[in-house]
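Okay, structure first, notes after.
The values are calculated or read from the model by the stated rules, or taken from the named source; none is laboratory data. If you're wondering where the values come from, they're calculated on a predicted model, not measured in any experiment. Neighbour counts are summed over all protein chains in view; Cβ atoms, including those assigned to glycine, are modelled from backbone coordinates with ideal geometry. For accessibility, only protein heavy atoms count, side chains too; no ligands or nucleic acids. Shrake-Rupley method; radii C 1.70, N 1.55, O 1.52, S 1.80 Å.
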Amino acid sequence: MDIKLLGWSSRGLRCPDMDIRFDRGEGREGEPPLVALVQMPNGTGKTTTLELIRASLSGAATSWSGEVVADYQSRTPISEEGTFVLHVKVGESVISFEIAFDFSSNSVGYRTTRPDAGGIFEGHRPPDALKRYLAKDFLSLVIFDGELAKELLDAKTTRAEAAIDALCQLDLFDQLSSIANLSWKEAKATGALSDAQIARKREVLETKEQDKDNVKRSLEKAHVKLNEYGEDLTKLDENMEEELKKHERLRGEMDEAARKCQVAEEKYDRAINELMGCYRDPYSLSEKINEGLVDFKRTLDKAKLPESSSKQFFEEIVQEERCICGTPFTEEMREEVHRRKAKYLGSEITSTLNSIKENISRFLDEDVAGDIRLGEKISSARLATEADVRAKNEKELAKKRLSGPGAEEVRAIEQKKGKIYTEMEKVQDAIETLEPRLEKLDKEVALLSDELAEAQGARSLKMKVDILNAICEDAKEITRDIIKNKLVDECNDHLAHILADNPVRISNIDNAISLQGQSAASVGQTLAVGYTFLTSLFEKSDYSFPFIVDSPANPIDTKVRREVGALIPRLVKQFVAFTISSERAGFMEGLETTAKEDILFMTVYRSDTDTNAAVVEMGKEAFEQFHQDRESANV
């Protein structure tokens with residue numbers, strides 16, 4: 001199914017009033033072009049328009065705060081209400097999503113027009129088949145910006161893998177597992193539970209499942225909070241970078257101090273982990289402990305324990321005429337042995353002693369004395385700790401040496417980062433507490449479920465559900481790996497042409513995109529990799545979506561612009577680019593190489609006589625004549 005953007009209109013908002021349509025004009029017949037270039041200079045409301053396109057598709061505006069809603073109000077003149085209407089084509093049906101702003105109450109509402117479904121509906125009412133693709137995370141793939149390109153290559157995120165799952169519908173495997181699990185849950189609910197013990201097991205299981213769900217939700221919230229703090233730190237780092245760019249003398253000092261601090265922290269973490277490993281191994285703590293455990297095993301072997309001291313030993317000894325001490329057995333003595341034998345080693349203790357002996361034997365070949373090894377690890381940890389403290393002190397001194405204009409901003413940013421780090425430590429502590437608790441509850445729920453299934457005679461269904469879940473999980477992983485491998489090959493083929501003068505290759509896609517032989521890329525390389533990855537992925541989806549890009553070529557040199565421009569129209573069915581005049585060189589030529597005449601040129605800018613209204617000029621000539629001078633005048 002094809003989903004295409006037809007246009008939008010706005011009234012009474014901070015962006016100028018405009019009416020944009022891609023499907024009208026000579027030869028269009030209701031069908032938008034393959035490529036639409038919308039040239040909007042700074043100050044025309046390009047960012048606002050992109051935000052409203054996202055909100056129109058996702059339905060997210062109903063959750064906006066009053067402050068956010070008020071920020072969209074037109075100020076000259078002040079408007080009491082405003083509207084934004086987005087028109088899309090889904091298959092053969094045209095759908096319009098309208099956001100109505102009421103600035104007297106700072107609230108918004110949706111209205112959906114769907115002729116295929118009977119007319120106008122209050123609220124956000126997309127077709128059911130389209131709903132799953134209108135989530136915020138998915139729309140961030142369709143409405144592309146430079147931040148997404150960076151996230152696709154950021155090893156701390158899973159955006160690349162999530163994009164594959166979303167566009168290739170791999171979540172259908174999860175849905176199938178959910179259906180199977182629901183069937184199993186319903187089977188448990190309808191089982192014959194007349195026995196009081198089974199009823200009690202069920203109560204305990206329900207309690208454990210509720211505890212597990214609560215812990216899982218708390219853990220998910222903690223991870224979300226941790227990601228939010230990470231995003232806040234990224235923004236603060238970007239702000240810090242801007243401030244430090246103003247003070248090149250300080251930049252070198254800060255970078256070197258930060259690098260040393262990071263190296264020292266990594267060495268400290270490794271040393272502490274190795275030391276903790278020694279503490280978990282009793283043989284590593286002390287040679288005396290080692291010798292004591294060996295002597296303990298030898299004593300057990302000499303006494304033929306646990307075999308010779310088990311209950312079976314006493315069973316056999318009373319069959320003899322004489323005790324092992326030589327005294328003739330009487331009936332009273334035999335009864336006394338029978339009575340006392342329970343106090344001695346049974347099969348459970350025998351098993352435990354045998355396990356202890358095996359573990360001691362496993363470590364008899366250790367070459368390095370435990371106390372020597374532990375001493376080395378303690379010494380390494382101490383040196384790493386001292387180095388870490390020195391590095392942090394040097395970093396703090398570098399911060400304190402900040403002086404002159406911008407110093408206060410830098411210190412304020414550092415204070416904010418310090419507060420975030422403190423909150424992150426609290427969240428991380430909570431995660432470290434919740435994760436083992438969730439693991440324990442998982443095991444308890446699984447054990448109770450098995451016991452209950454067996455008691456209800458539904459064990460076979462439980463096994464089938466488990467097998468189906470395993471099949472779905474394996475199928476999802478195998479399918480994802482196949483897609484990843486094909487994407488890597490296809491993307492590398494495209495990148496070889498696009499970045500011929502500054503080559504970049506993808507080594508693998510594991511959560512994020514990893515580059516071959518380099519941990520980072522330039523802004524232009526990052527953007528080229530992002531375009532190549534997403535457009536290649538769009539080509540594999542059963543659904544086609546408009547690829548909407550903000551400033552598609554600004555950070556890319558002219559030659560790479562030409563290659564990217566030629567590639568994108570080959571891999572998508574609609575490309576909409578919001579551009580500024582400085583991006584035209586190279587990029588237009590590349591687009592025209594592939595799209596030929598199927599390109600719509602549109603220039604939008606504020607009217608000189610009414611700044612609250614937009615002027616829309618159509619055609620390539622007006623597009624090319626609109627230059628930087630005009631754009632600067634509209635800032």
Out-of-range pairs (alpha-carbon distance over 26 Å; input Lys136/Lys476; Lys440/Lys462; Lys212/Lys357; Lys201/Lys476; Lys156/Lys395; Lys395/Lys416):
Lys212/Lys357; Lys201/Lys476
For Tyr229, solvent-accessible area (1.4 Å; no DNA, RNA or ligand), Å²
30 Å²
Which residue, Ala160, Asn181, Leu134, has the largest displacement toward the positive end of the dipole of segment 95-189 when charges sit on each Cβ (Lys, Arg +1; Asp, Glu -1)?
Asn181
Structure-derived P(r) over Cα pairs in 10 Å bins from 0, in percent: which label, when the choices are (i) 3, 14, 19, 16, 11, 11, 11, 9, 5, 2, 0; (ii) 3, 15, 24, 25, 17, 10, 5, 1, 0; (iii) 3, 10, 16, 19, 18, 13, 8, 6, 4, 2, 1, 0, 0
(iii)
Tilt relative to the chain, helix 584-595 - C-alpha long axis, 0 to 90 degrees, to 10
80 degrees
Net length gained if the chain between Ser519 and Arg217 were fully extended (0.36 nm per residue, minus Cα distance)
105.3 nm
Could you work out how far the C-alpha centroid of segment 564-578 sits from that of segment 482-543, in angstrom?
16 Å
Using a probe radius of 1.4 Å on heavy atoms only, what accessible surface per residue do you get for the chain? Whole Å² is fine.
55 Å²
Ordering Lys4, Lys443, Lys288, Lys131 by the accessible surface of their heavy atoms, 1.4 Å probe, largest first, yields Lys288, Lys443, Lys131, Lys4
Treating cross-link reach as a plain straight distance, find the lysines whose alpha-carbon is under 17 Å from the alpha-carbon of Lys150, omitting any fewer than eight places away in the same chain.
Lys235
Hey, if you put +1 on the Cβ of every Lys and Arg and -1 on every Asp and Glu Cβ in the chain, which of Ile482, Leu353, Ala381 ends up farthest toward the positive end of that dipole?
Leu353
Is the shape of segment 35-92 best called rounded, prolate or oblate, per the rule: a/c under 1.5 gives rounded, else a/b larger than b/c gives prolate, else oblate, with a ≥ b ≥ c the square roots of the Cα gyration tensor eigenvalues?
oblate
Only loop residues by DSSP count here, and only those with at most 16 other Cβ atoms within 10 Å; note down the GluC sites (Glu not before Pro) in segment 1-54 that meet that.
Glu26, Glu29
Might you work out the accessible area of Glu394 for me, using a 1.4 Å probe with all protein chains in place, and round it to the nearest 10 Å²?
80 Å²
Along segment 508-517, Karplus-curve 3J(HN,Hα) (6.51, -1.76, 1.60; θ = phi - 60°) to the nearest Hz, with x for Gly and Pro, reads 6, 10, 10, 6, 10, 7, 9, 8, 6, x
Determine the order of Arg480, Arg125 by accessible area, beginning with the largest, at a probe radius of 1.4 Å.
Arg125, Arg480
Pairs of lysine residues in segment 480-629 - Cα separation under 27 Å, sequence separation of 8 or more or cross-chain:
13
Kindly sort Arg14, Arg322, Arg114 by accessible area of their heavy atoms, largest first, with the probe set to 1.4 Å.
Arg322, Arg14, Arg114
Using only the alpha-carbon atoms, how far is helix 46-58 inclined from the longest principal axis of the chain? Give it as 0 to 90 degrees, nearest 10.
60 degrees
Check: the chain dipole with +1 on Lys, Arg Cβ and -1 on Asp, Glu Cβ, in debye
740 debye
Output the 0 to 90 degree angle, nearest 10, between the alpha-carbon long axis of helix 196-245 and the longest principal axis computed from the alpha carbons of the chain.
50 degrees
With r as the distance between the Cβ atoms of Ala100 and Asp608 and R0 = 22 Å, compute the FRET efficiency 1/(1 + (r/R0)^6) and round to 0.05.
0.15
Given charges at Cβ of Lys, Arg, Asp, Glu: the chain dipole, positive-most of Leu13, Val523, Met254:
Met254
Probe 1.4 Å, all chains present, heavy atoms only: Trp184 accessible area in Å², nearest 10, is 20 Å²
For Ile413, the net charge from surrounding residues (Cβ-Cβ under 9 Å; K, R +1; D, E -1) works out to -1
Ignoring ligands, DNA and RNA, what percent of the 1.4 Å accessible area of segment 20-136 is carbon and sulfur?
49 percent
